Amino acid sequence: MSGTRIPLVATALAALLLLTGCAGRAQSPDVEHADQQGPTVIGTDGSAESRVVAALYGELLTHAGQRVRVSATGYTSPSATAEAVVEGRLGLAPAYESTLLRTFPGGGALPGNMAATLSMALPVGIEALPPAAAERGIVLAVTRATARRHGLHSLADLRKAGGRLTLGGPASCDPDVPPPAFLKKAYGVTIAPAGTSATADVQVLRGTDPALTRTGLVVLADPRGVVPPEHVIPLIAAPDADPVATKALARLNPVLTTGQLAQLVSSVKAGEAPARAARSWLRARGLLT
């Protein structure tokens with residue numbers, strides 16, 4: 001990760017107070033506590049992505065001889081599941097870098113060292129294990145026709161359109177979306193916000209959204225790191241983070257790419273059970289026997 005990544009993330013997080021018109025984070029009911037003497041309790045935020053990643057964790061831990069149980073609580077956001085791990089209601093949950101830094105803003109930012117930055121931000125007894133290659137971060141994408149018309153390959157190329165393009169789409173209210181002022185400062189780009197409009201020229205989506213491949217959108221590169229990173233990270237309570245568990249979960253990191261996660265998400269959204277999708281995927285890659 002480049003040395004400029006963390007300052008840009010910190011600036012982007014500070015700009016959250018300027019965002020309006022988007023729903024705030026919902027809270028999860030406090031109905032379940034993780035039994036540290038029993039199985040590791042895994043929680044999810046209810047999204048297809050979170051559910052299938054949690055299933056991958058569960059399959060890997062079970063294969064390593066660990067006992068696991070999926071929480072019955074319907075957590076409503078990645079922040080809510082992270083808070084549940086901290087509060088002892090969960091032992092393990094999928095988490096994401098920038099979401100964690102928003103949820104637990106303590107500590108400082110060390111440029112180029114996200115692991116240390118997270119370690120300072122998280123409460124004692126909570127660990128963010130090494131991330132997978134997969135990111136669920138925000139991406140800005142255009143149709144192939146738009147890319148050809150304006151010669152678009154990266155966010156910097158948006159200047160070629162002369163301010164005629166609009167920015168919107170399904171993830172436009174996400175807190176990780178760079179405000180127009182940030183794009184202007186980093187790339188000299190002027191682009192008009194269009195809210196959640198599906199007709200916006202530049203679509204804002206999560207990197208694991210199946211629509212990216214289904215509709216053949218072209219993702220615009222972000223060489224200056226304006227969009228904060230959101231790699232998939234196991235957030236785990238220290239009592240559950242024994243060497244066997246951490247080694248088992250680490251096997252996923254080099255194999256689970258953004259593209260692979262998008263395929264798993266697509267399968268789950270199409271109706272496949274997360275556990276079945278996870279088991280088949282892990283077996284196909286030799287991670288389960």
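Numbers below:
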item: In range of the label at H153: residues from region 190-230 whose backbone nitrogen is under 16 Å from the point 7 Å along Cα→Cβ; result: 218-224
item: For region 138-219, diffusion coefficient by Stokes-Einstein and Kirkwood Rh (Cα), 25 °C, 0.890 mPa s, µm²/s; result: 196 µm²/s
item: Chain lengthening between L110 and T257 when straightened (0.36 nm per residue, less Cα-Cα); result: 50.4 nm
item: Net lengthening on full extension, R67/T246 (0.36 nm per residue, minus Cα-Cα); result: 63.1 nm
item: The chain: calculated mean residue ellipticity at 222 nm from DSSP helix runs of at least 4, using -39500 (n - 2.57); result: -10000 deg cm²/dmol
item: Debye equation applied to the C-alpha atoms of region 184-277, log10 I(q)/I(0) at 0.21 Å⁻¹; result: -1.22
item: Cα centroid separation - region 163-193 against region 67-98, whole Å; result: 31 Å
item: Ascending count of other beta-carbon atoms within 10 Å, so fewest first, for L183, L155; result: L155, L183
item: Set of lysines near K185 by C-alpha distance (under 17 Å), chain-local residues within fewer than 8 positions excluded; result: K160
item: Surrounding net charge for L158, when Lys and Arg each add one and Asp and Glu each subtract one, Cβ distance under 12 Å; result: +1
item: Centroid-to-centroid separation of region 236-289 and region 118-135 [C-alpha atoms, Å]; result: 18 Å
item: FRET E, pair A145, K269, Förster distance 22 Å, beta-carbon r, rounded to 0.05; result: 0.25
item: Region 197-252: radius of gyration over Cα atoms, expressed as a fraction of 2.2 N^0.38 Å; result: 1.71
item: Residues of region 218-246 with amide N under 19 Å of the 7 Å Cα→Cβ point at K160; result: 218-224
item: Label-point separation, R214 to A284 (7 Å along Cα→Cβ), nm; result: 1.8 nm
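Quick note: the coordinates plus some simple rules give every number you see, no bench work behind them. Quick caveat: nothing in here was measured; it's all calculated off a predicted structure. So basically every Cβ, Gly included, is an ideal-geometry build from the backbone, and we count neighbours across all protein chains shown.
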